[in-house]
Amino acid sequence: MRLLRLLLPALLGLLPACGSGNIGDLFSIFPREAFTPPGGTGGGGGGQPFVPAEVASLGGADGLTGEVKNIVIATVDVRTYAFLAAGASGVHVVDVTEPDLLNRGDYITTVRDAVLTPPASLAGGRCDALAVVDGSFLVCLAVGSGAANAVTVF
């Protein structure tokens, strides 16, 4: 044990310093060829620049109200659903199985206290962040001022 205490500072001294770098610093340690497949132009896009484009959208007029700050995706049978944490508005559920064909009919519901049968409730009356656990449970965290650290599991 005494030997380990003597060697540990020396071993740590051999490690490169971890400073205030960024993701670019991480990639800079690799040669450019590492990101270019043989005979290719790299980037996975055939050398063409990436141009983002909206393919579909839903908004307040479609039932998505509140401040949406978090989203999780879950597959149930053959359908894929987006669960959107919308603060005091609750949790919006949208069918995104075919995201490029998204329309008003894909909005399923909003889970909020007003639609839950007691004793079920949305802890704190809001949902600020979501997670899916084991593909079976939707966990909602309320961090709002009136419901600090409240958790609901569906």
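FYI, it's all coordinate maths here, none of it is from the lab. A quick note: this is a predicted structure, and the numbers were derived from the prediction, not measured. Note that we place each Cβ from the backbone using ideal geometry, even for glycine, and neighbour counts take in every protein chain shown.
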**Request:** Go through region 98-129 and give me each residue that's acidic (Asp, Glu) and in a loop (DSSP other than H, G, I, E, B).
**Result:** GLU98, ASP128
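Residue by residue, here is whether (1) within 19 Å of the chain's Cα centre (by Cα); (2) of a type in the set (Phe, Trp, Tyr); (3) farther than 16 Å from LYS69 by Cα holds:
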residue	(1), (2), (3)
ARG104	no, no, yes
THR109	no, no, yes
ALA120	no, no, yes
ARG126	yes, no, no
LEU130	yes, no, no
ASP134	yes, no, yes
LEU141	yes, no, no
VAL151	yes, no, yes
PHE154	yes, yes, yes
**Request:** Output the residues belonging to region 98-128 that are under 13 Å from VAL72 (Cβ atoms) and surrounded by fewer than 15 Cβ atoms within 10 Å (Cβ to Cβ).
**Result:** none
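How many residues does region 77-97 contain that are assigned to a loop (DSSP other than H, G, I, E, B), in contact with a Gly (Cβ under 9 Å, 6 or more places away or on another chain) and surrounded by fewer than 19 Cβ atoms within 10 Å (Cβ to Cβ)?
0
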**Request:** State which residue is nearest to ARG126 (Cα to Cα) when the search covers only region 80-96 and only residues that are touching a helix residue (DSSP H, G or I) at 6+ places or on another chain (Cβ under 8 Å) and without any contact (Cβ under 8 Å) to a residue 40 or more places away in the chain.
**Result:** GLY90
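Going by what's in this entry, would ASP77 be described as within 28 Å of ALA56 (Cβ to Cβ), touching a residue at least 24 places away in the same chain (Cβ under 8 Å) and charged (D, E, K, R)?
No, not satisfied.
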**Item:** Residue in region 130-139 that is aliphatic (A, V, I, L, M), farther than 18 Å from ALA61 by Cα and in a loop (DSSP other than H, G, I, E, B) present
**Value:** no
